[in-house]
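Step one of this worksheet: look at the structure below.
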Amino acid sequence: MWYCTIMAIGVRIINKFSISDYAIKRFAFLIYFLLNERAVKAEINMRMFKHRYALIWAITIILWIATVTLQHYRERQGCSANNFIDSTSARLVKIATKVGISKKLWAQEQPNFLLDEVYEELKDILGIMGQQPELDRAEKALESPKSHMSTDVCPEKYIEKKIAKDDPKYIFYRRIGFYQENCTDVPEFHTLLTLVYNFVHYDSKYFQHIPSIFHDVNKLYPNIRIIAAIPDTLTLNQADYKDTTIIKLKKRQVHKILSKFIKAESSIWRNLTDRVQTKYVYIGRNVIKFTWFDRLERLVREIGNLEASVVSGAYRTLVSGVWSNGCDQSVLYNYQLVYRAGYMKSRQECLMCHHVRGPFVAKASLFKKIPLKADMSATSSFAVWFLKLKKLSLLAASCPDVMSFVTDEASQPTEKEQWLGVASALQVERIRLPNKKLLKFGCKEAKTFCDAKDVVGRSMSFCCKDELTNGISFIMEKCRNEGMVCQLNAGTNLGAVKFADIVPWDNDADILIHPDNVTAFNTLDQYFIDHGYSLNQLAKGYKRLSTRHWTIEVFADPLQTPAAYNVTPTFVQLHGIYLEATISPGLFARNMYGVEIYQHVQHSSQNKQHLQTNNIWSYYSYATKRFTKCPIPGHHSCLDRFLPDGNFLFKEPVI
């Protein structure tokens with residue numbers, strides 16, 4: 001009925017507005033430009049796809065309707081068949097589907113190559129339409145992004161220029177290099193930028209370097225303002241340094257405000273950034289030496305040129321001499337935060353990043369709009385801050401020709417305590433650092449909860465899976481030790497087959513026991529009670545054992561033992577451990593759940609539509625691709641952000 005209605009409306013529109021092949025070409029060109037590589041596929045402009053998704057999808061559907069209705073209109077008018085229209089309508093359905101899937105992939109921050117296919121498909125359609133000359137002109141016009149010019153700092157130019165061999169800069173410039181041009185239509189640099197330092201948490205072995213930092217800044221950038229927090233044990237006279245505000249903090253005062261000294265770091269940074277009155281602020285994280293390599297003009301200039309919110313440089317540790325460009329990519333989803341050192345895009349010799357590790361320049365207004373989270377380590381506070389920038393599609397960049405000297409300990413903080421603030425603020429239980437070290441956090445640390453009710457519409461957290469898996473393993477190990485045959489059953493077996501894990505949205509566990517072992521199993525009741533389980537005998541051969549948050553159902557059912565086939569038991573992986581399953585777990589799962597079992601559906605007890613339309617046992621009518629709307633929209637565990645197929649998306653993210 002709906003199809004006929006659309007066709008009828010389409011024919012009326014064609015009659016009224018004289019829609020023709022030309023109109024279809026215009027629609028296709030509009031989608032083509034909206035999906036242009038420079039506008040969407042570039043990582044730095046991912047926000048454009050988010051903003052344009054609904055428009056792209058709607059226009060694709062309109063284009064499909066136009067082609068199909070035009071086909072119907074021609075048939076009614078007695079026109080000959082049009083092979084192009086016939087084939088194009090089918091191709092547009094595929095394009096609309098791929099655009100829809102792309103939205104899901106972006107939401108999960110997964111690599112997305114479908115837009116490449118859509119882009120090429122549209123180019124092919126337009127080429128068949130005879131639009132190749134227009135395509136060529138469009139490609140040429142869109143070959144490079146529009147360049148922006150900073151209005152705050154004089155531009156650079158790559159030129160030849162003589163430099164004396166005894167000049168420290170000779171080795172870097174020799175006969176050619178980037179030089180700042182002279183200009184008069186920009187503000188004085190010292191009015192634009194304030195340098196902010198927090199030395200309170202530094203190891204005392206670095207205190208001797210702090211006076212030199214102030215002197216070197218005053219020498220290289222006269223009149224530029226400095227705001228610095230130092231420990232009260234350090235004797236420095238503010239009057240000895242130009243345009244410098246020194247705030248002395250006693251450690252016992254910090255302890256009085258906050259329970260742990262390490263937590264005070266972010267609060268100090270908030271205090272310092274609140275004092276900034278210039279347009280830009282330099283966050284001198286872990287800086288221990290200031291030199292001409294810091295090249296602050298370059299950082300400020302690229303904020304304007306790149307339309308960035310944050311621009312950093314490379315860093316080098318003072319003692320060990322380790323250099324890094326400090327650029328990381330990040331993915332946050334499904335209780336995991338993964339960092340990977342590197343970049344996917346670059347512009348103007350700067351790398352596009354999700355997170356930067358070194359000192360950086362930012363728009364001061366950012367810290368008013370997105371203040372640093374208080375009461376956590378500086379590492380955690382800045383990590384959360386950068387994730388917020390990414391969520392808002394605000395650009396961060398690293399220009400490796402700029403370099404700062406930093407403390408050796410700060411290059412890649414790996415202590416769990418440094419990242420605890422991220423875990424609790426974002427409900428993250430796994431953090432993979434750029435050096436590939438994995439940090440694990442429990443339910444209390446990450447403030448996650450294990451309740452089957454909380455699983456509805458959301459993926460299960462790691463600590464919840466740990467509790468459920470440990471409960472299953474404990475019961476099956478006892479079966480094994482007592483010579484009983486126990487095997488994974490129902491959804492627990494399905495999870496092992498599909499994910500090598502608990503089904504991420506499951507709400508219980510299932511174990512099969514051989515009927516001959518029921519009496520012996522019942523004698524273990526007190527053993528399970530002594531180990532913290534509660535028991536509920538529902539029927540003969542059907543018992544529930546419950547942990548603190550989860551229920552494990554044990555069914556007695558005729559099952560074929562490994563001895564029947566003269567083989568050893570089959571073991572499947574479940575959340576990192578191997579447990580007994582039926583001889584062929586895949587066949588058992590397929591015949592129990594029916595068609596398309598490797599696509600996903602929420603548990604029948606959580607799927608209202610399933611319950612309303614299926615009065616038979618939940619093993620059957622495995623209606624896929626149905627997830628309950630997430631109760632916390634936008635949370636990284638929301639199931640409606642996931643594609644309803646495949647298991648890679650439930651593993652550790654790959655950047």
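The values are calculated or read from the model by the stated rules, or taken from the named source; none is laboratory data. Everything numeric here is computed off the predicted structure, so don't read it as measured data. When we count neighbours, we look across all protein chains shown, and the Cβ atoms used for this are built from the backbone with ideal geometry, even at glycine.
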### Summary
Note on Gln487: of the conditions (1) more than 30 Å from Thr561 (Cβ to Cβ); (2) outside any loop (DSSP other than H, G, I, E, B); (3) of a type outside the set (Val, Ile, Thr); (4) in contact (Cβ under 8 Å) with a residue 24 or more places away in the chain, unmet is (1)
### Query
Which of the residues belonging to the stretch 548-599 are within 21 Å of Thr523 (Cβ to Cβ) and either in contact with a Phe, Trp or Tyr (Cβ under 7 Å, 6 or more places away or on another chain) or surrounded by 13 or more Cβ atoms within 10 Å (Cβ to Cβ) (or both)?
Ile552, Glu553, Val554, Phe555, Ala556, Leu559, Thr561, Glu580
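Hey, among Val456, Val428, Val406, Val402, which residue is buried (at least 24 other Cβ atoms within 10 Å of the Cβ), over 30 Å from Asn305 (Cα atoms) and either touching a residue at least 40 places away in the same chain (Cβ under 8 Å) or of a type outside the set (Ser, Thr, Tyr) (or both)? First the steps, then the outcome.
Details: Val456 fails: buried (at least 24 other Cβ atoms within 10 Å of the Cβ); Val406 fails: over 30 Å from Asn305 (Cα atoms); Val402 fails: over 30 Å from Asn305 (Cα atoms).
It is Val428.
Being of a type in the set (S, T, N, Q), crowded, with 23+ Cβ neighbours inside 10 Å, on the phi < 0 side of the Ramachandran plot and in contact (Cβ under 8 Å) with a residue 60 or more places away in the chain narrows it down to one of Ser312, Ser330, Ser324, Ser320, so name that one. It would help to see each step written out before you state the result.
Numbers: Ser330 fails: crowded, with 23+ Cβ neighbours inside 10 Å; Ser324 fails: crowded, with 23+ Cβ neighbours inside 10 Å; Ser320 fails: crowded, with 23+ Cβ neighbours inside 10 Å.
After applying the criteria, what remains is Ser312.
Sort out which residues of the stretch 556-580 are more than 24 Å from Met460 (Cα to Cα) and either β-branched (Val, Ile, Thr) or out of contact with any His (no Cβ under 9 Å at 6 or more places or on another chain) (or both), and write them in order of number. Break it down stepwise before answering.
Kept after step one, since they are more than 24 Å from Met460 (Cα to Cα), are these residues of the stretch 556-580: 556-570.
Of everything in the stretch 556-580, those that are more than 24 Å from Met460 (Cα to Cα) and either β-branched (Val, Ile, Thr) or out of contact with any His (no Cβ under 9 Å at 6 or more places or on another chain) (or both) turn out to be Gln560, Thr561, Pro562, Ala563, Ala564, Tyr565, Asn566, Val567, Thr568, Pro569, Thr570.
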### Task
Would you check if Ser381 is touching a Phe, Trp or Tyr at 6+ places or on another chain (Cβ under 8 Å), assigned by TED's automatic domain parsing to the domain that holds His209 and outside any helix (DSSP H, G or I)?
no
### Task
Identify the single condition in (1) assigned to a helix (DSSP H, G or I); (2) farther than 21 Å from Ala410 by Cα; (3) out of contact with any helix residue (DSSP H, G or I) (no Cβ under 8 Å at 6 or more places or on another chain) that Glu297 does not satisfy, given that it satisfies every other one.
(3)
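Could you list, in sequence order, all residues of the stretch 262-308 that are in contact with a Phe, Trp or Tyr (Cβ under 6 Å, 6 or more places away or on another chain) and surrounded by 20 or more Cβ atoms within 10 Å (Cβ to Cβ)? Outline the logic, then answer.
To start, the set of residues in the stretch 262-308 that are in contact with a Phe, Trp or Tyr (Cβ under 6 Å, 6 or more places away or on another chain) comprises 273, 283-284, 288-289, 300.
If the condition is that a residue be in contact with a Phe, Trp or Tyr (Cβ under 6 Å, 6 or more places away or on another chain) and surrounded by 20 or more Cβ atoms within 10 Å (Cβ to Cβ), then Thr273, Ile283, Gly284, Ile288, Val300 are the ones that fit.
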### Residue count for the stretch 216-252, restricted to those that are of a type outside the set (S, T, N, Q), modelled with pLDDT of 90 or more and exposed (fewer than 14 other Cβ atoms within 10 Å of the Cβ)
2
### Query
Name the residues in the stretch 156-177 that are of a type outside the set (Lys, Arg) and exposed (fewer than 14 other Cβ atoms within 10 Å of the Cβ), would you?
Tyr158, Ile159, Glu160, Ala164, Asp166, Asp167, Pro168, Tyr170, Ile171, Phe172, Ile176
### Summary
Within the stretch 178-215, the count of residues that are under 26 Å from Glu265 (Cβ atoms) and surrounded by 13 or more Cβ atoms within 10 Å (Cβ to Cβ) comes to 18
